[in-house]
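Engineer: Quick one: this structure, given as structure tokens, is what I'll be asking you about.
Read the figures in this text as sums done on the coordinates, not as results from a lab. Since the model is a prediction, treat every value here as computed from it, not as a measurement. Cβ: placed from backbone, ideal geometry, glycine included. Neighbour counts: every protein chain shown.
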Amino acid sequence: MAVKKKLAVFKFASCDGCQLSILDLEDELLTLAQEITIANFAEASRAVLDGPYDLTLIEGSITTPHDFARIRELRDMSKFLVTIGACATAGGIQALRNFADVSEYTRLVYARPDYVETLHKSTPIAEHVPVDFELRGCPVNKHQLLEVISAFIADRKPNISSDSVCVECKRRGTVCIMVAKGTPCLGPLTHSGCNALCPTYDRGCFGCYGPQDNSSPAALTQYWQELGTDPQVMFRLLRNFNPATEPFRSESEKWAPKTPEQ
């Protein structure tokens, strides 16, 4: 009888949404269970098996010194390490702290900020250890997640589309809301995976899946200006689910509110 491959899932700074996407697979998990052993997944089971692991899925960003040390340990005990979700691949919403004074945040929020041990930035996993694949989204698409798990179990490359959200709109037959209604939308810059959920309901894309390769944010913001979009709206769109990742970060800096000194 063939030995089942060992799957582990670990969480860093995050909301657990991408781990819930694994559980949302439901029937598919029953099939996967014939091929894998869930060796470590606190969200789903109390069972804990020691490494090494054949495939490790990581949710969440690095935000504390403890995280910094722990991710290296997990990398050492993993044959393949895959990051899932905007937090793990781009620092997540919590990377908004990268643009501010963290000590001031902790002073305002916590009664005893001296008890809080944190890094000044929220950073993606790939900034600290080698990553074999990054699956984007906030949260990840469960069908893409299933493809990634299946691919690594079968020792092949995951077949994940690199299209933009605009392509998904075309496939669904959704009329472009920027052209038809003048609604600012990050669809031309954003990696596919959501099946154009927001544009389908007459809302502009918020960039949940992060920037697509070779995207041109300057061209998009120029078009937004032609639509008469408020610069503050442009700034908030770019500083959303993936604020610290390029090219959203650099383009957002052009539209950041000016301080009185400036």
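Engineer: Which length gain, in nm to one decimal place, applies between ARG236 and ALA218 when the Cα-Cα distance is subtracted from 0.36 nm times their residue separation?
Structural biologist: Between ARG236 and ALA218, full extension yields 5.0 nm more.
Engineer: Can you tell me, using C-alpha contacts under 8 Å and at least 6 residues apart, the relative contact order of region 149-255 as a whole percent?
Structural biologist: 22
Engineer: Counting only C-alpha contacts under 8 Å and six or more residues apart, can you give the relative contact order of region 5-153 as a whole percent?
Structural biologist: Computed over region 5-153, the figure is 30 percent.
Engineer: Distance from the Cα centre of region 68-134 to that of region 161-193, in angstrom?
Structural biologist: About 30 Å separates the Cα centre of region 68-134 from the one of region 161-193.
Engineer: Output the DSSP H helices from the chain with an along-axis C-alpha extent of no less than 27 Å and a mean Kyte-Doolittle hydropathy no less than -1.0. Present the calculation step by step, with values, prior to reporting the outcome.
Structural biologist: Working: long enough: none.
None clear 27 Å together with a mean of -1.0.
Engineer: Turning to a different aspect of this structure: For every helix of n ≥ 4 consecutive DSSP H residues, a contribution of -39,500 (n - 2.57) applies; sum these over the chain, divide by its total residues, and give [θ] at 222 nm rounded to the nearest 500 deg cm²/dmol.
Structural biologist: -9500 deg cm²/dmol
Engineer: Going by Cα centres, region 31-53 and region 240-259 are how many Å apart?
Structural biologist: One Cα centre to the other: 39 Å.
Engineer: Using only Cα atoms, figure out Rg for region 5-153 and give it as a multiple of 2.2 N^0.38 Å.
Structural biologist: 1.08
Engineer: Still on this structure, I have one more. Determine Rg/Rh for the chain; Rg is computed over alpha-carbon atoms and Rh is the Kirkwood hydrodynamic estimate from the same atoms.
Structural biologist: 1.00
Engineer: Which peptide among 244-251, 89-96 comes first, and what is the full order, when sorted by highest mean count of other Cβ atoms within 10 Å?
Structural biologist: Ranked from most to least packed, the peptides come out as 89-96, 244-251.
Engineer: Be a star and scan region 168-188 for residues whose amide nitrogen sits under 19 Å from the point 7 Å along the Cα-to-Cβ vector of THR200.
Structural biologist: Answer for this model: 168-178, 185-188.
Engineer: While we're on this one: Compare the peptides 146-153, 188-195 by average per-residue count of other Cβ atoms within 10 angstrom and give them in order, highest first.
Structural biologist: 188-195, 146-153
Engineer: Normalising by the residue count of the chain, find the relative contact order in percent from Cα pairs under 8 Å and 6+ residues apart.
Structural biologist: 17
Engineer: Please express the shape of region 184-262 as an equivalent ellipsoid: the semi-axes are the square roots of 5 times the eigenvalues of the C-alpha gyration tensor, given largest first in whole angstrom. If you can, show how the numbers build up before the last one.
Structural biologist: Details: eigenvalues 90, 40, 25 Å².
Result for region 184-262: semi-axes of 21, 14, 11 Å.
Engineer: Mind listing the long-range amide H neighbours of THR56? Cut-off is under 5 Å, sequence gap 5 or more, other chains count too, H placed in the peptide plane at 1.01 Å from N.
Structural biologist: Long-range HN contacts for THR56: ALA8, PHE80, LEU81, VAL82.
Engineer: When you count, for each residue, the other Cβ atoms within 10 Å and take the mean per peptide, how do 121-132, 76-87, 32-43, 8-19 rank with the highest first?
Structural biologist: 76-87, 8-19, 121-132, 32-43
Engineer: Can you count the Lys pairs in the chain with C-alpha separation below 30 Å, eight or more apart or on different chains?
Structural biologist: Here the count comes out as 25.
Engineer: Further question on the same structure: Between GLU43 and VAL109, what is the label-point separation in nm under the 7 Å Cα-to-beta-carbon projection?
Structural biologist: In this crude label model, VAL109 to GLU43 measures out at 2.0 nm.
Engineer: Along the Cα-to-C-beta direction of HIS143, a point sits 7 Å from the Cα; which residues of region 195-213 have their amide N less than 13 Å from that point?
Structural biologist: Only 195-197 fall inside the zone, counting backbone N under 13 Å.
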